[in-house]
Amino acid sequence: MTLRENWTPRAFVYLGLAIVGLVWTLVLNAWTVIAGRNYFDDLFGSGPAVSSIGVDLLVVAVAGVVLIFAEARRLGMKRAWLYVVLSAVTAFAFTFPLFLAMRERKLAATRR
């Protein structure tokens, strides 16, 4: 079995989204730090529209964390907690698609 065998087209799509999520959020977070802005004040205190987006993403992230733990347990994937920890130091826009890519690989491996 080669390393590429379990990389389905869908897994590559998820991996691509993870890379976009990592790079894009890294650039924007660095910009926030360089500008000396307070990240949470900007996210939740810059008007109703921005607050709505912040709450929306927070709820999606919590649902995603529940899914990560449930699917990892169901499929026997180890160290699911790492995706949650990594999201705190990178972005959930990176770790959630990364989890989905690894999930696709696990599903492809079980189909063989």
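The values are calculated or read from the model by the stated rules, or taken from the named source; none is laboratory data. Everything quoted here is computed from the prediction, not taken from an experiment. FYI the Cβ positions are ideal-geometry reconstructions off the backbone, even for glycines, and counts take in every protein chain you see.
From the list I34, I19, which one is modelled with pLDDT of 85 or more, exposed (fewer than 11 other Cβ atoms within 10 Å of the Cβ) and out of contact with any helix residue (DSSP H, G or I) (no Cβ under 6 Å at 6 or more places or on another chain)? Give the steps one after another, and end with the answer.
Values: I19 fails: exposed (fewer than 11 other Cβ atoms within 10 Å of the Cβ).
Step by step, each of I34, I19 is checked, and only I34 is modelled with pLDDT of 85 or more, exposed (fewer than 11 other Cβ atoms within 10 Å of the Cβ) and out of contact with any helix residue (DSSP H, G or I) (no Cβ under 6 Å at 6 or more places or on another chain).
If you scan segment 37-46, which residues turn out to be surrounded by 10 or more Cβ atoms within 10 Å (Cβ to Cβ) and either assigned to a helix (DSSP H, G or I) or touching a residue at least 40 places away in the same chain (Cβ under 8 Å) (or both)?
Y39, D42, L43, F44, G45
Given the residues V55, V66, V89, V13, which is the only one that is over 30 Å from R111 (Cα atoms) and over 12 Å from the mean Cα position of the chain (by Cα)?
Numbers: V66 fails: over 30 Å from R111 (Cα atoms); V89 fails: over 12 Å from the mean Cα position of the chain (by Cα); V13 fails: over 30 Å from R111 (Cα atoms).
Checking each option against the conditions leaves just V55.
Hey, does segment 47-66 have a residue that's modelled with pLDDT under 95 and outside any helix (DSSP H, G or I)?
yes
This table checks each residue for (1) over 15 Å from the mean Cα position of the chain (by Cα); (2) closer than 22 Å to A109 by Cβ.
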position	(1), (2)
W7	yes, yes
W24	no, no
V27	yes, no
A30	yes, no
R37	yes, no
G45	yes, no
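Among (1) assigned to a helix (DSSP H, G or I); (2) more than 24 Å from N29 (Cβ to Cβ), which single condition is M77 missing?
M77 satisfies every listed condition except (1).
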